[in-house]
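Enquirer: After the structure tokens below, expect a handful of questions from me.
Any read-out appearing in this document is the output of simple, stated calculations on the displayed coordinates, not a laboratory observation. A quick note: this is a predicted structure, and the numbers were derived from the prediction, not measured. Don't worry about glycine lacking a Cβ; one is built from the backbone with ideal geometry, like all the others, and counts go over all protein chains shown.
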């Protein structure tokens, strides 16, 4: 598998595996959106940490803490922020894992 993945990367393909077009289209049509819950300092938003990761699949959202000890299911991503405390000092926000972020991660590997 590693040899095939290296060969595919060498010709500019990012996926290490080739999939049938119909299967790939089906998966992409139903794929959930991914996001991170990021807690940050209100006075210095660049000081932040990832608190959890979430999956949004249309009618539901599921979030798991980074340490795996807590999880929850919500109706929307914004509702997933409710368990996180918001004060004058700290707040939380959703950061959607967009294709450009995924591409950056794939190219670093």
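Enquirer: So which residue, out of 24, 48, 80, gets the largest mean-square fluctuation from a GNM of the chain using Cα contacts under 10 Å as springs?
Expert: 24
Enquirer: Can you give the FRET efficiency for residue 106 and residue 62, using 1/(1 + (r/R0)^6), R0 = 22 Å, r = Cβ-Cβ distance, to the nearest 0.05?
Expert: 0.40
Enquirer: Quote the Stokes-Einstein diffusion coefficient, in whole µm² s⁻¹, for the chain, based on the Kirkwood radius over alpha carbon pairs, a temperature of 10 °C and a viscosity of 1.306 mPa s.
Expert: D = 98 µm²/s.
Enquirer: Sticking with this structure for a sec: Please state the relative contact order of the range 33-108 as a whole percent: Cα pairs under 8 Å, 6+ residues apart?
Expert: Contact order relative to length: 33 percent.
Enquirer: Separate question: Determine the calculated [θ] at 222 nm for the chain from helices alone, applying -39500 (n - 2.57) to every DSSP H run no shorter than 4 residues and normalising by the residue count; nearest 500 deg cm²/dmol.
Expert: -7500 deg cm²/dmol
Enquirer: Please give the peptides 54-65, 84-95 ranked by average Cβ packing (other Cβ atoms within 10 Å per residue), highest first, as a rough proxy for protection.
Expert: Going from most to least packed, we get 54-65, 84-95.
Enquirer: Using a Förster distance of 35 angstrom, determine the FRET efficiency expected from the C-beta separation of residue 24 and residue 53, and round it to 0.05.
Expert: 0.90
Enquirer: Here is a further query. Based only on other Cβ atoms within 10 Å, what is the fewest-to-most ordering of 7, 21?
Expert: If I rank by nearby Cβ atoms, fewest first, I get 21, 7.
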